[in-house]
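The values are calculated or read from the model by the stated rules, or taken from the named source; none is laboratory data. Nothing here was measured: the structure is a model prediction, and the numbers come from that model. Methodologically, a virtual Cβ is constructed for each residue, glycine included, from the backbone with ideal geometry; neighbour enumeration extends over all protein chains shown.
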Amino acid sequence: MEFQSNKLIYQKEYTKRQQIIYVLIQHLHVREGWGYRKVLKWLNQSEIKTHRGKNWFNSSVISVLKREHQRDLGIEQIRNQ
């Protein structure tokens with residue numbers, strides 16, 4: 001799994017921890033139907049920090065899901081060319 005932080009920076013691979021957190025957030029949000037606030041509260045109460053060691057915010061949870069979605073769309077577009 002890779003991500004690109006912006007167009008000027010090369011693609012980096014996700015760490016195993018980032019992959020696990022993504023799967024966890026995806027499960028809680030999509031499969032369990034939790035809102036972003038409920039997900040972030042649960043992550044913070046469980047003392048699961050962001051990859052920078054900070055507490056979670058709405059924007060943090062949204063960014064994790066959005067970045068992965070953008071990556072998947074990019075891969076799909078490349079495959080369909």
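With R79, R37, R67, R52 as the choices, which residue is among the charged types (D, E, K, R) and modelled with pLDDT of 90 or more? Show your work before the answer.
Working: R79 fails: modelled with pLDDT of 90 or more; R67 fails: modelled with pLDDT of 90 or more; R52 fails: modelled with pLDDT of 90 or more.
Step by step, each of R79, R37, R67, R52 is checked, and only R37 is among the charged types (D, E, K, R) and modelled with pLDDT of 90 or more.
Scanning region 4-29 for residues that are β-branched (V, I, T) and over 18 Å from S59 (Cβ atoms), which turns out modelled with the lowest pLDDT?
That would be I9.
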